[in-house]
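Reading through the structure tokens given below for one structure.
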Amino acid sequence: MKNVSRRGFVERLGIGLGASILLPSFTAYPQRGALPYATKKLQVAVCGLGRYANLVREGLAASQYCQLAGIVTGSPAKASQWKAEYHIPEKNIYSYQTFDTILANKSIDLVYITLPNGLHKEYTLRAAKAGKHVIVEKPMALTEQDCQEMIAACQRAGVQLAVGYRLHYEPHHIELKRLGQEKVFGQVRLIEASLGYRLADIDPKDWHLNKALAGGGPLMNLGVYCVQSSRYVLGEEPVAVTAQFGPVTLPHLFTEVEESITWQLYFSSGAVCTSTATSTCNIDRFFASADSGSFELSPGLSYGPFRGKSSQGAFNFPVINQQAAQLDGIATTC
């Protein structure tokens, strides 16, 4: 195992350890049977039509306060497909070259950036300059300096900036926060949170394997969820970290970014969180042990459906559209 310094670990994670300061403190989720929202919805343009954009589009379709109004893509084929399937006006369709002209389009309120990590900063700055509010997917950017520049640009432009962290709006995770921060079972002492997928069959040209676009391997892609979950449950920031790279078992794929990484976060309360983010196997769990009880989810950090329990019994929360809950949470707190 290769040791990683605290500085190196945090730099790889970017501002992930502090990004939630930008997220609204929304702690509810849309109730089933609620009356439909009758006022004008936020008009959202999705920037980058990769895999995750399809989940955002489904979230927009289910959202009470937002709706899909435009797209930004480098693929003419995707532009035609989305235009036809989702009835997007031609004037709301942009390429990356024409994106800046969105400034003149009053029918777009917000740009949701779902591009590769390395492009988050550029398109946040361009969207802010165009006077559009921004939701940028996690991780916010590749370095803390980039994140600070994004925040400053949005402040200068007078637009809102949020990071798309869906689990802050998901009922199982809201319950984890309650159990931890309200110390229902006393002080949380130990957290184990790990997320990984077996990626042996991934396309060698996938952007997640490109350091310039991804910023790192599973730490940047999956490890953010592990770090956020511990901070969210404890309501604390870590004061120290140690980390170790795992061995490379797929050398034909992982030439630029790590294949797996394990780390330990230490908090001033005495709590310790141990996590692994990996591309070598499937794992998806969260477990916390406190003075007089414990609570857990498995699956715990992915898209669910989540299953969990505490020392008081099994959880019984609804399965929701996580992207819709996030969109509505941000829309109602901006």
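What the table below lists for this structure:
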quantity	calculated
Where a residue in the range 281-297 is more than 30 Å from Pro247 (Cα to Cα) and its partner, wherever it lies, is assigned to a loop (DSSP other than H, G, I, E, B) and open to solvent by 60 Å² or more (accessible area, probe 1.4 Å), with Cβ under 6 Å and at least six apart	Gly293/Ser311; Ser294/Ser311
Some residue of the range 315-325 being more than 30 Å from Val111 (Cα to Cα) and touching a residue at least 12 places away in the same chain (Cβ under 8 Å)	yes
Total residues in the range 240-268, condition acidic (Asp, Glu) and surrounded by 15 or more Cβ atoms within 10 Å (Cβ to Cβ)	2
Unmet requirement for Leu119, which otherwise passes all of (1) of a type in the set (A, V, I, L, M, F, W, C); (2) open to solvent by 10 Å² or more (accessible area, probe 1.4 Å); (3) farther than 24 Å from Ala214 by Cβ; (4) part of a helix (DSSP H, G or I)	(3)
Residue among Ala277, Ala271, Ala331 that is within 16 Å of Gly186 (Cβ to Cβ) and surrounded by 17 or more Cβ atoms within 10 Å (Cβ to Cβ)	Ala271
Sole residue being assigned to a helix (DSSP H, G or I), open to solvent by 20 Å² or more (accessible area, probe 1.4 Å) and either of a type in the set (Gly, Ala, Ser) or closer than 27 Å to Met220 by Cα (or both), chosen from Ala53, Ala77	Ala77
Any pair with Cβ under 9 angstrom, 6 or more apart, that starts in the range 182-193 at a residue that is part of a loop (DSSP other than H, G, I, E, B) and charged (D, E, K, R) and ends at one that is at pLDDT 95 or above and surrounded by 14 or more Cβ atoms within 10 Å (Cβ to Cβ)	Lys183/Ala290
Residues within the range 151-167 that are within 17 Å of Leu42 (Cα to Cα) and either modelled with pLDDT under 95 or part of a loop (DSSP other than H, G, I, E, B) (or both), tallied	3
Members of the range 151-185 found to be under 15 Å from Thr333 (Cα atoms) and either open to solvent by 30 Å² or more (accessible area, probe 1.4 Å) or of a type outside the set (Val, Ile, Thr) (or both), listed by number	Gln160, Leu161, Ala162, Gly164, Tyr165, Arg166, His168, Tyr169
One residue from Ala84, Ala45 being among the hydrophobic types (A, V, I, L, M, F, W, C) and loosely packed, with under 14 Cβ neighbours inside 10 Å	Ala84
Scope the range 292-307; condition open to solvent by less than 20 Å² (accessible area, probe 1.4 Å) and either modelled with pLDDT under 95 or in a strand (DSSP E or B) (or both); matching residues	Gly293, Phe295, Leu297
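The values are calculated or read from the model by the stated rules, or taken from the named source; none is laboratory data. Given the structure is predicted, the values throughout are model-derived calculations rather than measurements. With ideal geometry, Cβ positions are generated from the backbone for all residues, glycine too; neighbour counts draw on all protein chains shown. These area figures cover heavy atoms from the full protein model, side chains too; ligands, DNA and RNA do not enter into them. Shrake-Rupley method; radii C 1.70, N 1.55, O 1.52, S 1.80 Å.
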